[in-house]
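This report refers to the structure that appears directly beneath it.
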Amino acid sequence: MENILPSLRQGPVLLEGEAREGADVGAPEQGFYSVTNSDGYFSLKSDRPISRLTFSYTGYNTVSLTPVEGSKNLRRVLLNPVSNLLKESIIVS
């Protein structure tokens, strides 16, 4: 049984517990991409089944989800900060 999302999906996408505008949302196999609005919601429409979604935002770990057949909504997607960011540096010239 193949995992399939209906053609329209909505969030919200949460970064550290808060909805965030501008998070990237994609269905890479189909070549469809979107960004979240000011409330963290997104939508993707396709005439083909969407079998995998990816969520990303600069400074946060990318999340890839394989939906379960028959699921109606993604209630929320949590993105966590990347833990290996550079520390503050002083540059002298």
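Taken together, the values in this text are just the output of simple stated rules run on the coordinates, not laboratory data. All of these numbers come straight from a predicted model, not from anything done at the bench. For neighbour counting, all protein chains shown are included, and Cβ atoms are generated from backbone atoms with ideal geometry for every residue, glycine included.
For the range 7-39, applying the loop criterion from DSSP together with a ceiling of 16 other beta carbons within 10 Å to the GluC sites (Glu not before Pro) yields 16, 21, 29.
Distance between the pseudo-spin-label points of residue 84 and residue 16 (7 Å out from Cα toward the beta carbon): 2.1 nm. Taking 0.36 nm per residue of separation and subtracting the current Cα-Cα distance, fully stretching the chain between residue 58 and residue 46 would add 1.7 nm. Close amide H partners of residue 50, meaning residues 5 or more places away or on another chain with modelled amide H under 5 Å apart, are 5.
Once phi is turned into ³J(HN,Hα) by the Karplus curve 6.51 cos²θ - 1.76 cosθ + 1.60 with θ = phi - 60°, what whole-Hz value does each residue of the range 27-43 show in order, with x for glycine and proline? Listing the rounded values in order: 10, x, 5, 8, x, 9, 9, 8, 10, 6, 8, 5, 9, x, 8, 9, 8 Hz. Extension gain, residue 91 to residue 35: 0.36 nm times the residue separation minus the Cα-Cα distance gives 16.7 nm. For residue 10, the residues whose modelled amide H falls within less than 5 Å of its own, excluding neighbours fewer than 5 places apart on the same chain, are 74.
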